[in-house]
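Written below as structure tokens is the structure these notes are about.
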Amino acid sequence: VVLVIGGFTAYIAWSFANASISTVGEVEFARPLAIPPLAKSTVDAAGVRTFDLAMQAGATDLGRGEPTPTWGFNGAFLGPTLRATRGEQVKVNITNGIDETSTVHWHGMHLPAGMDGGPHQPIAPGANWSPQWTIDQPAASLWYHPHPHGETAKHVYRGLAGMFILDDANEVALPKTYGVDDFPIMVQDKAFDGSKLDDRAGLFQSTGILGDTVLVNGTPGPFLDVTSERVRLRVVNGSNARVYRFHFDDNRPYAVVASDGGLLPAPVETNELLLSPGERAEIVVDVRPGERTVLQSTPPTGDSNRFTGASDRLDILELRGAQTLTASPVVPATLAPAPDLADDTVGATRNVSLGGSNTNFGKMDLERVDIVSTLDTTETWNVTNADGQVHNFHIHDVQFQVIRYAGGPPPAVLAGWKDTILIPQGETVELRMRFTDFADASSPYMFHCHLLRHEDQGLMGQFVVARPGEKVGAIDVPDHDG
Ligand code: C2O
Ligand code: CU
């Protein structure tokens, strides 16, 4: 099973034996993979689970001999993994200790727009922000990152990102011990200027930054000592622009068990998976005693620039099986209920086109509401990639069901809930979502391309969820210069 992109036969026919593909640099897997700590939290008498996140500047050794200036949450680079269970109330006390206005957005989270952490919730240097909401969605691998107006690419690139894992009481048996057989895998490519993280790289290319060094959880050249028969890798594409096609060097099959919004209806066995910026996938990989295998990304022949901006293979992470492995559960044949919006009555159909002069929602404007959705209705959004560039599509607040993908039914890996999706050039994807909560006609959520340079350049729009008949109020535009 491959994630077939409509129309590209070269993509399907691509072969691992292609001799023209070389590995970028010499990746020596010499450092143990860093595992972000689970964030500490306290639960008060009312049951509210509270986390603390401090944005701070520091310096980090990213494999270039000397430390480079970076940003992180509760540390110098990246952030801890937040974890909460469905039904819980959570609160996050955020302090901004960097010298620029930023925000913290909960990517994939269903929550009120005022808690969303988009460009309407800026946190000035030295200021605090404490959003609070109730977790009301299935178990999933979400993530958090800044979303300041026009500056998202820089803030994420410098290191402000982390995972937010949601649990659910009735999850099926999968490897689930954090840091033992269940691992966060935040994949980010970086460019360097000497030993310095280069955030001016890509300034003159439309996709933005594409780096030749891949970090996983901030670790260059990482290896992971595997001690169980199967490992669950919660893969986040936390890169600014790169689309990865993940496979192992020995082309071994693995099971994709979850996408952005949680578990798939059934595991999908594959040996390669495309993931664009912002997307997540959970995969379960079998490992035999004593063996080594390398997670790599290779773009399809001929289509390199269309997807990844580079024709080279990237070595990402080496898995090293211990001589003795503990037993792991077999991946269940069914995982979670499938999305169920296909037969809904559609209250509105939106056509959104991304790219060039064909962008039909204009350049992002914090004061303008592009789409007014009605509470308790199901909508169809037809999203088209209208130019020759790489684009994907992300919507805040809701998870969507993919009804059609590039002219056909969605491939099995897109059969679950999604919040971010790659849109091939010239193609349309038909998405369906339902707006069930948090009506507030003057409080916008975002939708946008998740190539962060495109987002910063204005390939983003705003929608509100309104009660039937409710008028859109004036949108307060926050100050981002602080
Ligand atoms: Cu991951 Cu609007 O962002
Ligand atoms: Cu784009």
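None of the figures in this text is laboratory data; all of them are computed from the coordinates on show. Just so we're clear, the structure is a prediction, and the values are computed from it rather than from any experiment. When we count neighbours, we look across all protein chains shown, and the Cβ atoms used for this are built from the backbone with ideal geometry, even at glycine.
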Review point. Of all residues in the stretch 202-219, how many are touching a residue at least 40 places away in the same chain (Cβ under 8 Å) and surrounded by 19 or more Cβ atoms within 10 Å (Cβ to Cβ)?
Key: 12
Check your understanding: Consider Val477 against the criteria (1) more than 13 Å from ligand 1 (Cβ to nearest atom); (2) closer than 23 Å to Val346 by Cβ; (3) of a type in the set (Val, Ile, Thr): it satisfies all of them except one. Which criterion is unmet?
Key -> (2)
Check your understanding: Pairs under 8 Å by beta carbon, first residue within 21 Å of Asp189 (Cα to Cα) in the stretch 440-461, partner near ligand 1 (Cβ under 9 Å from one of its atoms) and assigned to a loop (DSSP other than H, G, I, E, B), six or more apart or different chains?
Key -> His450/Pro277; His450/Gly278; Leu451/Pro277; Leu452/Pro277
Study note, to complete from the structure: Restricting attention to the stretch 427-456, the residues that are closer than 24 Å to Arg404 by Cα, outside any strand (DSSP E or B) and within 16 Å of ligand 2 (Cβ to nearest atom) number exactly 4
Exercise for review: With the checklist (1) more than 16 Å from ligand 1 (Cβ to nearest atom); (2) over 22 Å from Thr345 (Cβ atoms); (3) surrounded by 20 or more Cβ atoms within 10 Å (Cβ to Cβ) in hand, flag the one item His396 doesn't pass.
Suggested key: (1)
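Here is a yes/no grid of residues against (1) away from ligand 1 (no atom under 12 Å from the Cβ); (2) farther than 23 Å from Ala466 by Cα; (3) assigned to a loop (DSSP other than H, G, I, E, B):
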{"site": "Thr95", "(1), (2), (3)": "yes, yes, no"}
{"site": "Glu100", "(1), (2), (3)": "yes, yes, yes"}
{"site": "Gly114", "(1), (2), (3)": "yes, no, no"}
{"site": "Leu166", "(1), (2), (3)": "yes, yes, no"}
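Would you call Glu269 touching a Pro at 6+ places or on another chain (Cβ under 6 Å), among the acidic types (Asp, Glu) and surrounded by fewer than 23 Cβ atoms within 10 Å (Cβ to Cβ)? Spell out the reasoning first.
On the way: touching a Pro at 6+ places or on another chain (Cβ under 6 Å): yes; among the acidic types (Asp, Glu): yes; surrounded by fewer than 23 Cβ atoms within 10 Å (Cβ to Cβ): yes.
Here the answer is yes, as Glu269 does meet what is asked.
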Review point. Restricted to the stretch 57-82, and to residues that are surrounded by fewer than 18 Cβ atoms within 10 Å (Cβ to Cβ) and touching a strand residue (DSSP E or B) at 6+ places or on another chain (Cβ under 9 Å), which residue is nearest to Gln132 (Cα to Cα)?
Key: Ala57
Review point. Out of the stretch 386-400, which residues are over 19 Å from the mean Cα position of the chain (by Cα) and within 11 Å of ligand 2 (Cβ to nearest atom)?
Key: Ala386, Asp387, Gln389
